[in-house]
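Remarks on the structure that follows.
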Amino acid sequence: MKPIAMRPGIYWVGAVDWDRRLFDALIPLPDGTSYNAYLVKGSEKTALLDTVEPSMQHQLLAHLEHLQIGCIDYVVSHHAEQDHTGCIPTVLEKYPLAKVVCTPRAKGMLNDLVRVTEDRIVTVNDKETISLGDRTLEFIHAPWVHWPETMFSYLKEERVLFTCDLFGSHLAASDLYVKDEGQAYEAAKRYYAEIMMPFRSNIHTHLERLKGYPIDIIATSHGPAYDKPDFILKAYHNWVFDPPRNIVVLPYVTMHGSTRLMVEHFVSALAERGVTVQQFDLVATDIGKLAISLVDAATIVIGTPTFLVGPHPAIASAAALANLVRPKVKFLSVIGSYGWGSKAVEQLTGMLSNIKAEVLPPVIVRGLPREADYKALDNLADTIAHKHKENGFT
Ligand code: FEO
């Protein structure tokens, strides 16, 4: 792809990674991703905002060559993670006068992670500005979305907010701006669920701060930019501020069918009581879909057989993920089965210690479920429906 002009003298110079299917050796990328870098030319100075994943370095350099950029004065590093900073050393070598602009916290991290030396770094305080001549960049410190050193840049004259990972999406696209809002919403929600959700109280603070800035464009470091910023601001507002909904998320695994019988009965019982269920067989599930479902759910019920006394390893893995992303669920329970003994409930609840949810009575059966076990599942469904109603979850 060629550079894309956002405004005269402002260009997208990033890389689209259409074929990448895994991030952090964990997160599925069904729609690929992009690493967005932007070039801002002022009447006196030129700034490059972030770089790209090192494997895509050739694309960034080709953009700079295409635009015949002979001098870069500033390389703004919003966030030290290598998918945005990995090419900074090459850019500094190619542009020997360039200085990296970052938060004080990022300074040491840039040295640790990509070996940028102190003499090439200028740190900026919150709300500090740098003039490019006829254009001004204001830096807004935004720690813990999702790392501690993060900041945004606000291009005052053009009302463009560069937010790095915040508001981003893993979505490869040839368009600069979001075209398909349905697709963009799902991709952004997936990104929020996997990366940002544990930091929602900090995001809450930043969303409030951003109300003081008139914004025409939000340009992120992954996925298409937003030329209708209300779309993503409103979505984040809902995900961060709204109470959980009348939804049970039910990740499960079955080995010999007992847990499946319980899950089928339980899902039906919840549906009869007006509770929406999102059921995921973890053998076949895209864990990103599971993470998305956790954004709105009021309750998680985990269905597991017993595997060598504990929960099935696939369930343990999903529990570890849920514990890390810290959804706003209020209730938690476990259903499942065992052959000769089980500590699955104790182990699972221990694995979910970050989730501050009330643990509802589990239903664990030996072998195939009996009538009394189905009754216990009905009672659990009653309890959940009642708790959701009592709390006003709709
Ligand atoms: Fe896209 Fe946290 O790096």
Check your understanding: For the range 364-375, does any single residue satisfy the condition of being within 24 Å of the chain's Cα centre (by Cα), hydrophobic (A, V, I, L, M, F, W, C) and part of a strand (DSSP E or B)?
Key -> no
Check your understanding: Within the range 213-220, is even one residue crowded, with 20+ Cβ neighbours inside 10 Å, modelled with pLDDT of 95 or more, away from the ligand (no atom under 14 Å from the Cβ) and outside any loop (DSSP other than H, G, I, E, B)?
Key -> yes
Check your understanding: So, of the residues in the range 305-332 that are of a type in the set (D, E, K, R) and under 14 Å from Ile292 (Cα atoms), which turns out to be surrounded by the fewest Cβ atoms within 10 Å (Cβ to Cβ)?
Key -> Arg326
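Okay, residues lined up against (1) aromatic (Phe, Trp, Tyr); (2) in contact (Cβ under 8 Å) with a residue 24 or more places away in the chain; (3) touching a Lys or Arg at 6+ places or on another chain (Cβ under 6 Å):
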position	(1), (2), (3)
Ile69	no, yes, no
Val76	no, yes, no
Gln82	no, yes, no
Glu93	no, no, no
Leu97	no, yes, no
Val100	no, yes, yes
Arg105	no, yes, no
Met109	no, yes, no
Leu113	no, yes, no
Check your understanding: Taking the range 103-143 on its own, how many of its residues are within 29 Å of the chain's Cα centre (by Cα), surrounded by fewer than 12 Cβ atoms within 10 Å (Cβ to Cβ) and part of a helix (DSSP H, G or I)?
Key -> 1
Revision key, fill the gap. Restricting attention to the range 153-173, the residues that are over 16 Å from Tyr35 (Cα atoms) and within 14 Å of the ligand (Cβ to nearest atom) number exactly 0
Study note, to complete from the structure: Selection over the range 70-91 where residues are surrounded by 24 or more Cβ atoms within 10 Å (Cβ to Cβ), more than 9 Å from the ligand (Cβ to nearest atom) and among the small types (Gly, Ala, Ser) yields a count of 1
**Study point:** Odd one out for Gly182 among (1) of a type outside the set (Ser, Thr, Tyr); (2) surrounded by 16 or more Cβ atoms within 10 Å (Cβ to Cβ); (3) more than 16 Å from the ligand (Cβ to nearest atom); (4) in a helix (DSSP H, G or I)
**Key:** (2)
Practice item. Can you confirm whether the range 348-355 contains a residue that is assigned to a helix (DSSP H, G or I) and buried (at least 22 other Cβ atoms within 10 Å of the Cβ)? Key: yes
Check your understanding: in a strand (DSSP E or B), in contact (Cβ under 8 Å) with a residue 24 or more places away in the chain and within 14 Å of the ligand (Cβ to nearest atom) - does that describe any residue in the range 44-63?
Key -> yes
Exercise for review: Scan the range 92-106 and give yes if some residue there is in contact with a helix residue (DSSP H, G or I) (Cβ under 8 Å, 6 or more places away or on another chain), in the same structural domain as Tyr213 (by TED's automatic domain parsing) and within 16 Å of the ligand (Cβ to nearest atom), otherwise no.
Suggested key: yes
Check your understanding: If you go through the range 1-55 one residue at a time, how many are of a type in the set (D, E, K, R) and under 20 Å from the mean Cα position of the chain (by Cα)?
Key -> 8
Exercise for review: Residue by residue through the range 36-51, note down the ones that are within 18 Å of Ala62 (Cβ to Cβ) and buried (at least 24 other Cβ atoms within 10 Å of the Cβ).
Suggested key: Asn36, Ala37, Tyr38, Leu48, Leu49, Asp50, Thr51
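The values are calculated or read from the model by the stated rules, or taken from the named source; none is laboratory data. Everything quoted here is computed from the prediction, not taken from an experiment. Cβ coordinates were reconstructed from backbone atoms using ideal geometry, including for glycine residues, and neighbour counts include every protein chain displayed.
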